[in-house]
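Quick notes on the structure that follows.
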Amino acid sequence: MKAKREFRDREEVEVAVLDALVDRGGEGMTVFELRAAVDVDIDTLETALSALKADSLISVEHDNNRTVVLPDDRVVPDPTETPADDESLFDAIRDRLGL
């Protein structure tokens, strides 16, 4: 599952982080899991996480000696709405080209 369309007009790494978090559901991800999922160096990931946190698009929770990053509820698409597979050809091309 991908983050809502209105949150996709961000830096590529930020969108990848949001998509990974949304795909994981309510479990959240550790920084190490995010780094593996997004496949960027730690400094780039830290910059993306800082920007997303500043915009209140993610939250950080501590649970039993484990720190996880969670997406804000407004980033997660409603499963009852139009599915992501129903995007237009233009949207698919735009996403593919990174525009």
Counting each DSSP H run of 4 or more residues in the chain as -39500 (n - 2.57), what helix-only mean residue ellipticity at 222 nm follows after dividing by all residues, to the nearest 500 deg cm²/dmol? -13000 deg cm²/dmol
Are there any trypsin sites (Lys or Arg not before Pro) in the stretch 1-93 that are in a DSSP loop and have at most 14 other Cβ atoms within 10 Å? List them by number. none
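Suppose the chain between ARG94 and GLU46 were pulled fully straight at 0.36 nm per residue; how much longer would it get relative to their current alpha carbon spacing? Walk me through the numbers before you get to the answer.
On the way: separation 48, 0.36 × 48 = 17.28 nm, distance 2.62 nm.
Roughly 14.7 nm would be gained on extension.
Remind me, relative contact order of the chain in percent, using alpha carbon pairs under 8 angstrom and six or more residues apart?
30 percent
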Compare ALA48, ALA16, ALA37 in a GNM of the chain, Cα atoms joined below 10 Å, and give the one with the largest fluctuation. ALA37
quick shape note, the chain: Cα extents on principal axes in Å, largest first -> 44, 30, 22
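Laboratory data are not the source of any read-out in this text; all were calculated from the coordinates shown. These numbers come from a predicted model, not from an experiment. Glycine also receives a Cβ, built like all others from the backbone with ideal geometry; neighbour counts cover every protein chain displayed.
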